[in-house]
């Protein structure tokens, strides 16, 4: 959670004194103080997401039901969700659509009651709700799985290829895992004999967090470049520079300001609404960086044409946002933000990288390179490695721009 969001927490404790009347408001404030402290701890020192368990699997034999195993999660407001027993959920929709299976924190009044024959419950059970949604809810939630549902097939199965699930297969690629904030090792001061020389700084510093939002524009599949983006984030997080969180299929609204980088991808022409353009404009003004690239995966001629159309639409968007894209030249910060390049590296397509400060466009299709290349056209290890390294540079560059 970003510092600007954490510091919005303001705590109010009960001030006890002789004669204080302990009514419902006093009692509530006393306990809410401790709840807020716990929520702040979860948000400040842990990542929101699934702590453990909550795996989603198909029934055996397969039908239209799935099983959610016991587990624990932390929602975006710092509430702890515990599922103590396996839950069986039957898919309700019979329409062809993408199903988002989500879990949400819920408070449920429970017994005992006062008075005994009815009235106000004396306990609140901190529980949860599991739902299937056509669109992700705006209120706090965690996504457990999604399914591209086709009613022509009357069973739900586990994915044969987990990185690219097919229709009616359980897609676990959008689950967000909660991990503790990584701390660097404490540097112990060297033993000094008869000297007043300063000792090493032993201050523990939190690893900086960076949020990357991904959105697919136009008519392309929402799974476009998803495996590549996940591979890149995993690669960056293996390093000790900072910690990256990926927000999949993010909506282009004011919430994008939590991100340092917005990754826009697609195949074909796209048009944004006035509200989306305004949100992106405000995002740029806040210091954020927009990175776009078309995908050339698929039937060669059509896919290549779609990637070029996406590039033209992105260039038009840049003009509307008062950004003029120019070719990245040697010594540009993008080529040295983390790894050093003498020229723009090749991706799944030829080398092309344009920038205007806070907007970047790639014609290299690094998203496919992060997946190993197009189907039937595997890339060399050197090209894949170079693509990961320039991807790391782009994320690093965005964080530098955001905090400048």
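The values are calculated or read from the model by the stated rules, or taken from the named source; none is laboratory data. For clarity, every value in this text was computed on a predicted model and none was experimentally measured. Glycine also receives a Cβ, built like all others from the backbone with ideal geometry; neighbour counts cover every protein chain displayed.
Given the criteria assigned to a helix (DSSP H, G or I), over 25 Å from residue 166 (Cβ atoms), without any contact (Cβ under 8 Å) to a residue 60 or more places away in the chain and touching a strand residue (DSSP E or B) at 6+ places or on another chain (Cβ under 6 Å), does residue 262 qualify?
no
Could you say whether any residue in the range 150-158 is over 22 Å from the mean Cα position of the chain (by Cα), under 25 Å from residue 211 (Cα atoms), surrounded by fewer than 14 Cβ atoms within 10 Å (Cβ to Cβ) and at pLDDT below 90?
No, there is no match, as no residue in the range 150-158 is over 22 Å from the mean Cα position of the chain (by Cα), under 25 Å from residue 211 (Cα atoms), surrounded by fewer than 14 Cβ atoms within 10 Å (Cβ to Cβ) and at pLDDT below 90.
Could we say that residue 93 is in a strand (DSSP E or B), surrounded by 13 or more Cβ atoms within 10 Å (Cβ to Cβ) and modelled with pLDDT under 95 here?
Values: in a strand (DSSP E or B): no; surrounded by 13 or more Cβ atoms within 10 Å (Cβ to Cβ): yes; modelled with pLDDT under 95: yes.
Spelling it out, it is not the case that residue 93 is in a strand (DSSP E or B), surrounded by 13 or more Cβ atoms within 10 Å (Cβ to Cβ) and modelled with pLDDT under 95.
Evaluate the following for residue 113: is it assigned to a strand (DSSP E or B) and closer than 29 Å to residue 249 by Cα?
no
Which of the residues spanning the range 277-303 are assigned to a helix (DSSP H, G or I) and free of Cβ contacts under 8 Å to residues at least 12 places away in the same chain?
278, 285, 300, 301, 302
Going through the range 318-369 one residue at a time, which ones are exposed (fewer than 15 other Cβ atoms within 10 Å of the Cβ) and part of a strand (DSSP E or B)?
Of everything in the range 318-369, those that are exposed (fewer than 15 other Cβ atoms within 10 Å of the Cβ) and part of a strand (DSSP E or B) turn out to be 326, 327.
In this structure, is residue 358 touching a helix residue (DSSP H, G or I) at 6+ places or on another chain (Cβ under 6 Å) and over 25 Å from residue 276 (Cβ atoms)?
Here the answer is no, as residue 358 does not meet what is asked.
Suppose we keep only residues that are touching a helix residue (DSSP H, G or I) at 6+ places or on another chain (Cβ under 8 Å) and over 24 Å from residue 98 (Cβ atoms) within the range 215-244. Which one would you say is surrounded by the fewest Cβ atoms within 10 Å (Cβ to Cβ)?
If we take residues in the range 215-244 being touching a helix residue (DSSP H, G or I) at 6+ places or on another chain (Cβ under 8 Å) and over 24 Å from residue 98 (Cβ atoms), then 239 is surrounded by the fewest Cβ atoms within 10 Å (Cβ to Cβ).
For (1) under 19 Å from residue 105 (Cα atoms); (2) surrounded by 13 or more Cβ atoms within 10 Å (Cβ to Cβ), each residue gets a yes or a no:
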position: 19; (1), (2): no, no
position: 24; (1), (2): no, no
position: 27; (1), (2): no, no
position: 39; (1), (2): yes, yes
position: 43; (1), (2): yes, yes
position: 50; (1), (2): yes, yes
position: 54; (1), (2): yes, yes
position: 57; (1), (2): no, yes
position: 64; (1), (2): no, yes
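Tell me which of these residue 379 doesn't satisfy, since it passes every other one: (1) crowded, with 19+ Cβ neighbours inside 10 Å; (2) at pLDDT below 95; (3) within 18 Å of residue 290 (Cα to Cα).
(3) is the only condition that residue 379 fails.
Scan the range 180-192 and tell me whether some residue there is modelled with pLDDT under 80, in a strand (DSSP E or B) and not assigned by TED's automatic domain parsing to the domain that holds residue 144. Full working, then the answer.
Looking only at the range 180-192, we keep the residues that are modelled with pLDDT under 80, and these are 180-192.
Remaining after also requiring in a strand (DSSP E or B): 180.
Add one more test, that the residue is not assigned by TED's automatic domain parsing to the domain that holds residue 144, and what stays is 180.
Checked against the condition, which is being modelled with pLDDT under 80, in a strand (DSSP E or B) and not assigned by TED's automatic domain parsing to the domain that holds residue 144, the range 180-192 yields at least one hit.
Would you confirm whether or not the range 18-35 contains a residue that is more than 25 Å from residue 124 (Cα to Cα) and in contact with a helix residue (DSSP H, G or I) (Cβ under 9 Å, 6 or more places away or on another chain)?
Looking only at the range 18-35, we keep the residues that are more than 25 Å from residue 124 (Cα to Cα), and these are 18-20.
From what is left, the residues that are in contact with a helix residue (DSSP H, G or I) (Cβ under 9 Å, 6 or more places away or on another chain) are 20.
Checked against the condition, which is being more than 25 Å from residue 124 (Cα to Cα) and in contact with a helix residue (DSSP H, G or I) (Cβ under 9 Å, 6 or more places away or on another chain), the range 18-35 yields at least one hit.
From (1) farther than 30 Å from residue 259 by Cα; (2) assigned to a loop (DSSP other than H, G, I, E, B); (3) in the same structural domain as residue 127 (by TED's automatic domain parsing); (4) free of Cβ contacts under 8 Å to residues at least 60 places away in the same chain, pick out the condition that doesn't hold for residue 13.
Evaluating residue 13 over (1) farther than 30 Å from residue 259 by Cα; (2) assigned to a loop (DSSP other than H, G, I, E, B); (3) in the same structural domain as residue 127 (by TED's automatic domain parsing); (4) free of Cβ contacts under 8 Å to residues at least 60 places away in the same chain leaves (3) as the failure.
Criterion first (over 30 Å from residue 375 (Cβ atoms) and either assigned to a strand (DSSP E or B) or outside the structural domain of residue 61 (by TED's automatic domain parsing) (or both)) does residue 127 satisfy it?
Yes.
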